[in-house]
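K.L.:
Quick one: the structure is below, and I'll ask about it shortly.
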Amino acid sequence: MSTTTLSAPTSRRDFLKLTGLAGGGLALAFYIRSGRDAAAAEAGATFAPNAFIRISPAGQVTIVSKQPEMGQGVKTSLPMIIAEQLEVPWKGITIEQGDFDTAKYGAQSAGGSNSTPNNYDNFHLLGATARTMLVEAAAQTWGVPAAECIAANAAVTHKSGKKLTYGQLAAKAATLPVPAKEAVKLKEAKDFKLLGTRVPQVDSVKIATGQSLFGIDMKLPGMSYAVFEKCPVFGGKVVSANVADIKRLPGVKDAFVLEGTNDVKGLMPGVAIIAESTWAAFSARRQLKIQWDEGKTAEQSWDTYVAKARADAGKPGARTLRKDGDVESTLKGAAKVVEAEYIYPFISHANLEPQTTTAHWKDGKLELWSPTQIPGAATTMLKNVLKLEQNQFTLHLLRAGGGFGRRISVDYLIEAAAIAQKVNGPVKLTWSREDDLRHDHYRPGGLHFLKGGVDAQGKVVAWKNHFFTFGQGGNPGSGGSLSADEFPGRWIANYKAEQTMFDTGWPMGPWRAPGSCVFAWVFHSFIDELAHAGGRDPLELRLEILGDKNEMPAGGGGAQGKGGGAPYNVARMRNVLKFTAEKAGWGKKKFAKGSGAGIAFHFSHRGYFAQVAEVTVSKDGQLKVDRVVCGVDVGAQIVNLSGAEQQVEGSIVDGLGVLMTQELNIEKGRVVQSNFHDYPLIRITDSPTKIETHFLKTNYPTTGMGEPALPPAAPAICNAIFAATGKRVRQMPLTRTDLRWS
């Protein structure tokens, strides 16, 4: 692995564009003192200038991490920002996971790669403000100007050589008012000691040694254990169940039916079993006999919709997303026309840790311990489903064993809460692996029917796409909405995008890099097809399509004169594409038959990413990804270098895994697959032999890393497969394509 940073550090003005305390809800994190609090000045007072920082008289520094942690590393990276500005050494700091408390911490969520960009500036201010107060405390103690004092290594030193540790200053600093942000001087990027270095995740030792940390580890005195059986058909209801028989089984404490809300994203109907252990609950579950009302969803199957899409592909779409120029006439006059069907299935999040929550209902109050990405969603659900107000529940955030968008939904939390209201004492709900696979909120499948034309010089002159997707209630599922501004819309003069949606009862939800994870594969694979049809180098054609504008504004026309996408910094994309190609040695290598290279890029979740993949395919069709080179532009500062590299590498492996094997089939309203034996995940032997990550440092706000590295992986690999074998991959997973060659 290699990491490259280019260009000079940004200026303070460009580097930190402070939004003010109110912008991120952090006004509530600061509480102003009058400066006359005599009690706070007593020996033993802790310095806590805001909700995120505590410094004890012994010098112990505690930083609170407010965001949910699911392996993306925010429990480490966000406190690093505070520590940098606070001028405290990382070693010895205690990182504490904050509970869900928006009044105390502001917004708390993990999703959309938003944790870093939404908190970056304010966290710099949090740390710098505390440092400013400690310096002022030292200056007042010595009777000298604060400008003569310097903070470093958890201490303040005067130019005369006098020195006081933060612990010694804690009581004095606790009496000072919080200064206005204008009075706080932020460290320049050139002076950073911690940011940009490699720091292990704070929970690494606990994870490696199996210490209690995750939601599934939760234990409380007197706790019961629950399982919840739902209809295998999405939206089905309980007609009858042998709960009386279940109650008599060994280790079972209770069993009952929950009527639910008949909403696939609410509280589904089902049968709960409460037992003395998870094993007893799971064992009793096997004795359940339930009669289900399966409902209309039992009439819906994947194969039926695929056949319908293929039959209707040539008809006008139900909705025109964008229409520029004259596509049909241009296609008729094109030198070459390429037509292709791209199809991808529904897939599961397949978290390593199945869904779980512990709940305790007592005296009209609910206490919850849950690994959730969006704890605020629990507030809405608890109010709507269980009629609880926010002052009636407390939510403790536990580390999640993977999220990828699944834990944005809180169905499992609501199940635990509803069960707890009928149980005396705390109860932990644990989903089985089968529950997790068959009751996920899935990434929706889709079909794209594409037609593109190139002129005699190989320039793309027309593009047409009829996209079939899935949704509910007239709205596409998460990741199924194709923006009118989605690349290459806005770039091709004769462009038409249409969408037809199948309304189903199937639950759908965000899956890592929603939309981008499949759109990048479809569109950059098809661009590659057009490049080869026109006799063009795939990199050269992509640069030609991007053109020479520095920015493409949002809403650039479209069917109704508006788009709904985001402004696209073309200069950044061009630069990172060229940068990646250079690092990979694009066009400089000669590959033997069966080996080749492919390239792709994507703008996703505020990040500009490009990848070059090199692969070898044996004659019997076995794929090996030899090398992936990833170029990254996420702005001015990498917070935790090792964490950033891990996010890139994990995204590429995740993207490859989805491409290779993952597929769900839905028949008669139910998922056919049940566990990892028929829903296989990528193995370490299938991972790329080498991944290189290169960071291109640019003068833009720092953004997130959890998702944008994933979208280019699949198209880069598939384009490399074509270069190696001449076989075009138009269907996910790869098991659907015969890669054998001779």
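The values are calculated or read from the model by the stated rules, or taken from the named source; none is laboratory data. It should be emphasised that the depicted structure is a prediction, and the values quoted were computed from it without experimental measurement. Glycine gets a Cβ as well: all are built from the backbone with ideal geometry, and neighbour counts include every protein chain shown.
K.L.:
Of the conditions (1) buried (at least 18 other Cβ atoms within 10 Å of the Cβ); (2) assigned to a loop (DSSP other than H, G, I, E, B), residue 89 satisfies every one except a single condition; which number is it?
P.N.:
The single condition residue 89 does not satisfy is (1).
K.L.:
Against the definition (buried (at least 20 other Cβ atoms within 10 Å of the Cβ) and under 22 Å from the mean Cα position of the chain (by Cα)), how does residue 662 come out, yes or no? Talk me through it step by step, then tell me what you get.
P.N.:
Numbers: buried (at least 20 other Cβ atoms within 10 Å of the Cβ): yes; under 22 Å from the mean Cα position of the chain (by Cα): yes.
It is true that residue 662 is buried (at least 20 other Cβ atoms within 10 Å of the Cβ) and under 22 Å from the mean Cα position of the chain (by Cα).
K.L.:
Does residue 328 satisfy the condition of being acidic (Asp, Glu), part of a strand (DSSP E or B) and touching a Lys or Arg at 6+ places or on another chain (Cβ under 9 Å)?
P.N.:
No; evaluated as a whole, the condition is false for this residue.
K.L.:
Now a separate question. Is it fair to say residue 359 is hydrophobic (A, V, I, L, M, F, W, C), crowded, with 19+ Cβ neighbours inside 10 Å and under 30 Å from residue 534 (Cα atoms)?
P.N.:
No.
K.L.:
What are the residues in region 407-428 that are within 18 Å of residue 381 (Cα to Cα) and among the small types (Gly, Ala, Ser), if any?
P.N.:
409, 416, 417, 418, 420, listed by residue number.
K.L.:
Does region 321-328 contain at least one residue that is charged (D, E, K, R), exposed (fewer than 14 other Cβ atoms within 10 Å of the Cβ) and modelled with pLDDT of 95 or more? Outline the logic, then answer.
P.N.:
Applying the first criterion (charged (D, E, K, R)) to region 321-328 yields 322-324, 326, 328.
Filter again for exposed (fewer than 14 other Cβ atoms within 10 Å of the Cβ), leaving 328.
Filter again for modelled with pLDDT of 95 or more, leaving 328.
Yes, the conditions are met somewhere in region 321-328.
K.L.:
Now a separate question. Going through region 322-376 one residue at a time, which ones are closer than 20 Å to residue 518 by Cβ and touching a strand residue (DSSP E or B) at 6+ places or on another chain (Cβ under 7 Å)?
P.N.:
Across region 322-376, the qualifying residues are 322, 338, 339, 340, 341, 342, 343, 344, 345, 346, 347, 348.
K.L.:
Among the hydroxyl-bearing types (Ser, Thr, Tyr) and either outside the structural domain of residue 68 (by TED's automatic domain parsing) or out of contact with any helix residue (DSSP H, G or I) (no Cβ under 7 Å at 6 or more places or on another chain) (or both) - does that describe any residue in region 133-155?
P.N.:
First, the residues of region 133-155 that are among the hydroxyl-bearing types (Ser, Thr, Tyr): 141.
From what is left, the residues that are either outside the structural domain of residue 68 (by TED's automatic domain parsing) or out of contact with any helix residue (DSSP H, G or I) (no Cβ under 7 Å at 6 or more places or on another chain) (or both) are none.
No, region 133-155 contains no residue that is among the hydroxyl-bearing types (Ser, Thr, Tyr) and either outside the structural domain of residue 68 (by TED's automatic domain parsing) or out of contact with any helix residue (DSSP H, G or I) (no Cβ under 7 Å at 6 or more places or on another chain) (or both).
K.L.:
Hey, another quick one. Would you check if there is a residue in region 197-208 being of a type in the set (A, V, I, L, M, F, W, C) and in the same structural domain as residue 58 (by TED's automatic domain parsing)?
P.N.:
Looking through region 197-208, none of the residues is of a type in the set (A, V, I, L, M, F, W, C) and in the same structural domain as residue 58 (by TED's automatic domain parsing).
K.L.:
Separate question: Does region 678-689 include one or more residues that are basic (Lys, Arg) and in contact (Cβ under 8 Å) with a residue 24 or more places away in the chain? Outline the logic, then answer.
P.N.:
Step one: of region 678-689, the residues basic (Lys, Arg) are 683.
In the following step, the residues that additionally are in contact (Cβ under 8 Å) with a residue 24 or more places away in the chain were identified as none.
The answer is no; no qualifying residue exists.
K.L.:
May I pose another question? Please go through region 238-257 and give me each residue that is under 30 Å from residue 302 (Cα atoms) and surrounded by 18 or more Cβ atoms within 10 Å (Cβ to Cβ), ordered by number.
P.N.:
238, 241 - these are the residues of region 238-257 that are under 30 Å from residue 302 (Cα atoms) and surrounded by 18 or more Cβ atoms within 10 Å (Cβ to Cβ).
K.L.:
Which of (1) without any contact (Cβ under 8 Å) to a residue 40 or more places away in the chain; (2) under 25 Å from residue 508 (Cβ atoms); (3) in contact with a strand residue (DSSP E or B) (Cβ under 9 Å, 6 or more places away or on another chain) is the odd one out, the single condition residue 263 does not satisfy?
P.N.:
(3)
K.L.:
For residues that are touching a helix residue (DSSP H, G or I) at 6+ places or on another chain (Cβ under 7 Å) and part of a helix (DSSP H, G or I), scanning just region 695-721, find the one that is surrounded by the fewest Cβ atoms within 10 Å (Cβ to Cβ).
P.N.:
If we take residues in region 695-721 being touching a helix residue (DSSP H, G or I) at 6+ places or on another chain (Cβ under 7 Å) and part of a helix (DSSP H, G or I), then 718 is surrounded by the fewest Cβ atoms within 10 Å (Cβ to Cβ).
K.L.:
OK, next. Residues in region 37-58: is at least one part of a helix (DSSP H, G or I) and in contact (Cβ under 8 Å) with a residue 24 or more places away in the chain?
P.N.:
Yes: one or more hits.
K.L.:
Hey, any hits in region 106-114 for a residue that's out of contact with any Ser or Thr (no Cβ under 9 Å at 6 or more places or on another chain), closer than 24 Å to residue 168 by Cα and either modelled with pLDDT of 95 or more or not in a strand (DSSP E or B) (or both)?
P.N.:
No, every residue in region 106-114 fails to be out of contact with any Ser or Thr (no Cβ under 9 Å at 6 or more places or on another chain), closer than 24 Å to residue 168 by Cα and either modelled with pLDDT of 95 or more or not in a strand (DSSP E or B) (or both).
K.L.:
Is at least one residue of region 353-370 over 31 Å from the mean Cα position of the chain (by Cα) and either hydrophobic (A, V, I, L, M, F, W, C) or farther than 30 Å from residue 251 by Cα (or both)?
P.N.:
The answer is yes, given that some residue of region 353-370 is over 31 Å from the mean Cα position of the chain (by Cα) and either hydrophobic (A, V, I, L, M, F, W, C) or farther than 30 Å from residue 251 by Cα (or both).
K.L.:
Count, please, the residues in region 503-537 that happen to be surrounded by fewer than 23 Cβ atoms within 10 Å (Cβ to Cβ) and in contact with a helix residue (DSSP H, G or I) (Cβ under 6 Å, 6 or more places away or on another chain).
P.N.:
Result for region 503-537: 1.
K.L.:
Within the set of pairs 6+ apart or on separate chains, which have a first residue in region 124-153 that is in a helix (DSSP H, G or I), a second that is charged (D, E, K, R) and surrounded by 22 or more Cβ atoms within 10 Å (Cβ to Cβ), and C-beta atoms under 6 Å apart?
P.N.:
Filtered contacts from region 124-153: 131/87.
K.L.:
Scan region 215-245 for residues that are in contact with a Phe, Trp or Tyr (Cβ under 8 Å, 6 or more places away or on another chain), under 19 Å from residue 414 (Cα atoms) and of a type in the set (Val, Ile, Thr) and report the count.
P.N.:
The number of residues fulfilling the criteria is 2.
K.L.:
Sticking with this one: Take the residues in region 379-413 that are touching a residue at least 60 places away in the same chain (Cβ under 8 Å) and in a strand (DSSP E or B), then tell me which one is farthest from the chain's Cα centre (by Cα).
P.N.:
Per the stated criteria, the residue is 394.
K.L.:
Further question on the same structure: Condition first: under 33 Å from the mean Cα position of the chain (by Cα), among the hydrophobic types (A, V, I, L, M, F, W, C) and in a helix (DSSP H, G or I). Can you find one or more residues in region 281-295 that meet it?
P.N.:
yes
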